Amino acid sequence: MRVNDKSIIVTGSGGGIGEGIARRLAAQGARVIVNDINAELGEKVVAAIVKAGGTASFFAADVTKTDQVKALVNAAVQRYGRLDVMVNNAGWTHRNQPALDVSEEDFDKCYAINVKSIYLATLHAVPVFRSHGGGSFINIASTAGVRPRPGLTWYNGSKGAVITTSKSLAAEMGPDNIRVNCVNPVFNPDTGLSADFAGGPLDEDRKALFRASIPLGRFSTALDVANAVLYLASDEADFISGVCLEVDGARCV
């Protein structure tokens with residue numbers, strides 16, 4: 001059990017990559033807080049984890065609202081006695097389109113969910129980590145923040161901000177024994193955002209276009225990302241901080 005008894009929050013884990021992360025961590029002994037804005041989806045993930053013999057509970061919170069993020073962090077402490085790891089997975093993208101066509105509303109939403117959420121997680125989790133002698137943030141960014149594609153400019157920028165912010169926090173929080181790392185997945189067609197990434201229905205032509213940019217010749221999966229998160233959450237990565245682990249089949253080379 002690589003994360004046995006660790007108390008871990010996974011935001012946006014009602015489906016897709018977040019669900020994969022939550023289930024993988026629970027299978028390796030973590031006590032997981034499944035977070036999502038959709039209670040029905042989140043409770044289904046919890047039920048699946050418990051059925052498989054793991055420990056999990058659901059907490060509904062909007063990661064763009066400071067009072068709700070504070071309550072989420074407090075829930076982990078109340079239920080499991082501490083908080084060891086916070087996986088900031090919740091994310092959103094505007095539709096693939098020219099930069100000038102993205103509405104101000106969509107720009108604000110993109111930065112609120114992808115970037116402000118990191119600020120709020122830091123604001124509320126760091127005092128808890130400090131009180132317990134340390135902790136770990138794992139921020140799910142994207143290859144879009146390293147090798148951006150046209151059509152997703154403002155999303156790309158938001159993920160670039162996550163990457164830079166994570167590195168800066170790693171340097172600042174290191175003396176408190178708080179580690180901060182990123183995981184950068186390449187395109188995954190099985191997420192709820194895939195059609196927006198692609199700019200339309202994800203037909204075989206669009207899939208082929210994305211796949212052609214990945215040297216290993218396939219898309220990322222939730223399990224690929226979850227395995228990277230598992231490593232960074234484990235004691236095996238005790239001296240790993242400030243890194244961005246590309247889970248991308250060499251897309252960013």
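None of the figures in this text is laboratory data; all of them are computed from the coordinates on show. Quick caveat, the model's predicted, so the values are computed rather than measured. So basically every Cβ, Gly included, is an ideal-geometry build from the backbone, and we count neighbours across all protein chains shown.
From the helices alone, meaning DSSP H stretches of at least four residues, give me the mean residue ellipticity at 222 nm for the chain, per-run term -39500 (n - 2.57), in deg cm²/dmol to the nearest 500.
-13500 deg cm²/dmol
In the chain, how many lysine pairs have Cα atoms under 14 Å apart, counting only pairs 8 or more places apart or on different chains?
Here the count comes out as 6.
When you have a sec, figure out the Kirkwood radius of the stretch 182-235 from all distinct Cα pair distances and drop it here in Å to one decimal? Working shown, then result.
Working: mean 1/r = 0.0817 Å⁻¹.
Every distinct Cα pair counted, the radius reaches 12.2 Å.
Please list, in chain and number order, the residues 5+ apart from residue 245 or on another chain whose amide H is under 5 Å from its amide H, with Hs placed from the backbone.
Answer set, sorted by chain and number: 182, 183, 184.
Relative contact order of the chain, please, whole-number percent, based on alpha carbon pairs below 8 angstrom and at least 6 residues apart.
Working: 530 pairs, mean separation 52.4, N = 253.
Relative CO of the chain lands at 21 percent.
Please give the charge dipole size of the stretch 7-246, origin at the Cα centre, charges +1 on K and R Cβ atoms and -1 on D and E Cβ atoms. Round to the nearest 20 debye.
That gives the stretch 7-246 a dipole magnitude of about 380 debye.
³J(HN,Hα) across the stretch 150-167 via Karplus (A = 6.51, B = -1.76, C = 1.60, θ = phi - 60°), whole Hz, x for Gly/Pro?
3J(HN,Hα) across the stretch 150-167, in whole Hz: x, x, 10, 3, 6, 5, 3, x, 5, 6, x, 5, 4, 5, 5, 4, 4, 5.
If you wrap a convex hull around the alpha carbons of the chain, what volume per residue comes out, as a whole number of Å³?
119
Per residue, how big is the convex hull of the stretch 60-99 when only Cα atoms are used? Give it in Å³.
Hull volume over Cα atoms, normalised by residue count, gives 88 Å³.
Sort 222-231, 137-146 for me by packing, meaning the mean count of neighbouring Cβ atoms within 10 Å per residue, highest on top.
The packing order, highest mean first, is 137-146, 222-231.
If you plug each phi of the stretch 15-32 into the Karplus form 6.51 cos²θ - 1.76 cosθ + 1.60 with θ = phi - 60°, what whole-Hz ³J(HN,Hα) values come out, in order, with x for Gly and Pro?
3J(HN,Hα) across the stretch 15-32, in whole Hz: x, x, 4, x, 4, x, 5, 4, 5, 5, 5, 5, 5, 9, x, 5, 9, 9.
Normalised by the empirical 2.2 N^0.38 Å for globular proteins, what value does the Cα Rg of the stretch 142-201 take?
Output field value: 1.35.
Return the sequence-ordered ³J(HN,Hα) values of the stretch 69-83 in whole Hz as given by the Karplus equation 6.51 cos²θ - 1.76 cosθ + 1.60 applied to θ = phi - 60°, using x for Gly and Pro.
Those phi angles translate into 5, 4, 5, 4, 4, 4, 5, 4, 5, 5, 7, 10, x, 6, 10 Hz.
With unit charges on the beta carbons (Lys and Arg positive, Asp and Glu negative) and the dipole taken about the Cα centre of the stretch 7-246, which residue among 124, 90, 232 sits farthest to the positive side?
Towards the positive end, the residue furthest out is 232.
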